[in-house]
Amino acid sequence: MHARRGGAAVKPKRAAASATKDKKISLVYPILAAYLYNLSIGFTVPVLPKIINMLVNDGDPKVSPASARMYGLVQATDQAVTFLLVNGACLLSDKYGRRPLMALANVGLGTGQLIASLATNPRLLLLGAAIDGATSFSYPLAQSYIADITPPSSLPQALGLFQGVATGGAFLLGIPLSGLIAAKKGLRLSLYIAAGICATNVLFISAALPESLPPSLRRADASLLEANVWGAVRTVATNPFIALCSLTYFLLHLALNGLQINFVNYSQYKFGWNVAQSSASLCLIFIFTALFPRLLLPLLGIRQAIQLCSCLFAVGFTTLGLATTTPVVLLSLIIIAAGSVSLPATLALLTNQAPPSEKGSLNGAADTVRTLSSAIGFPLMTSVFAYFISEKAPFQLPGAALFLGAAVSVLAFVSLQVALRYHDHHDKSV
């Protein structure tokens, strides 16, 4: 990065906007590629916990403390491998372009899903998770693609649209459809469909997706020696402002981990919901995830959006943990969806600190931060959930992981305040 250590935040080069005008690549392209990738994941979300429950509990699909811990281990394996490799993939995309690595990410995801569909024991699930994790860089590459073709002033709204459509829209279709298919045709068919979607996406990326990073804007000095976790550490440590924003990004994702990893099992344990019911309720959060960035970011701006929405995270997680009725659950999910606007807003704040030739590297570093939060948060949050539904707990508290997420959201708010005060003292431009 070309920032001064200990100095003000980096100013992005004007070349980003001019390159955008020259290429005129529509946002439809990266959003569609990411949509198909996330649609494949959406088919996996409601069935993988049940498959793990059955493998651990001798055919019983109901959650147990042991199966909850195993689910956390499978997801942590995926995230830990991603943590080690994602920065390298994004750095290489700065040198060789986004398309080849975006296609590879879909190959890895599809391979992991096929292994999971054939698994007869949890060890095979761990193998599939490791293969998926080794290529889980589609998300930051798509974000880098969007940064390539979007002027810095429009990037927060573009990333909000990306989160809403490519993530929220894909899960809105994939999760309930997978739940219905699983209820009628069995759990594993959803995984076969997910792998087929990945294969389709590889064809789309290879045949139709334009390259967003022309050779003239690529890094000439990208080195394999930097393509590792230490390279990501050096990127986020470029100056204190980037480091503190990265900490905020880490804490926001860590807070969200409790909902992401436990919701299917939490809703089954506390409310007796089946896969179709939990999938239907998740549709609500994805609908509002698609809407809120377009509403809140233009209204509030980046700074106020992160401040307000990190607080809404805390309110939403607390409300969901205390919920005893379906209407309260649904209200909680809407509040959490509003809180999720803090994620693209924080990422935009980070990405706008990089020049065009280093946006992939900075997005890779940010995704290293995100996957580190999941590698820590998934086993932590499943362990908290498993303990508080077990007989070892002094009292039953299935929402304990959600309350922990609320506390972490408050820490994210504090981290952001420190970052903004530092920035205001050194540079008034944000």
**Prompt:** What's the percent breakdown of Cα-Cα distances in the stretch 21-119 across 10 Å bins, shortest bin first?
**Reply:** 13, 35, 30, 15, 6, 1
**Cα pair distances exceeding 12 angstrom across the stretch 146-198, given as percent** = 70 percent
**Additional length obtainable on full extension of the chain from Arg218 to Val315, 0.36 nm per residue less Cα span** = 30.6 nm
**Item:** Cα-only radius of gyration and Dmax that characterise the stretch 298-376, units Å
**Value:** 15.4, 50
**Message:** Kirkwood Rh over alpha-carbon pairs of the chain, then Stokes-Einstein at 37 °C and 0.692 mPa s: what D in µm² s⁻¹, rounded to an integer?
**Reply:** 153 µm²/s
**Message:** Helix-only mean residue ellipticity at 222 nm, the chain, DSSP H runs n ≥ 4 weighted -39,500 (n - 2.57), per residue, nearest 500. What is it?
**Reply:** -26000 deg cm²/dmol
**Prompt:** How far is helix 275-322 tilted off the main Cα axis of the chain, in degrees rounded to 10, range 0 to 90?
**Reply:** 20 degrees
**Message:** Compute the angle between helix 138-149 and the longest alpha-carbon principal axis of the chain, please, reported from 0 to 90 degrees and rounded to the nearest 10.
**Reply:** 30 degrees
**Fill in**
Largest fluctuation, Ala183, Ala170, Ala243 only, Gaussian network model of the chain with Cα springs under 10 angstrom, belongs to Ala183
**Request:** Any chance you could run the full-extension gain for Phe204 through Leu127? It's 0.36 nm times the residue separation minus the Cα-Cα distance, nm to one decimal.
**Result:** 25.0 nm
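Every read-out reported here was derived from the displayed coordinates using simple, explicitly stated rules and does not represent laboratory data. In this text the structure is predicted, and so the values were computed from the model without any measurement.
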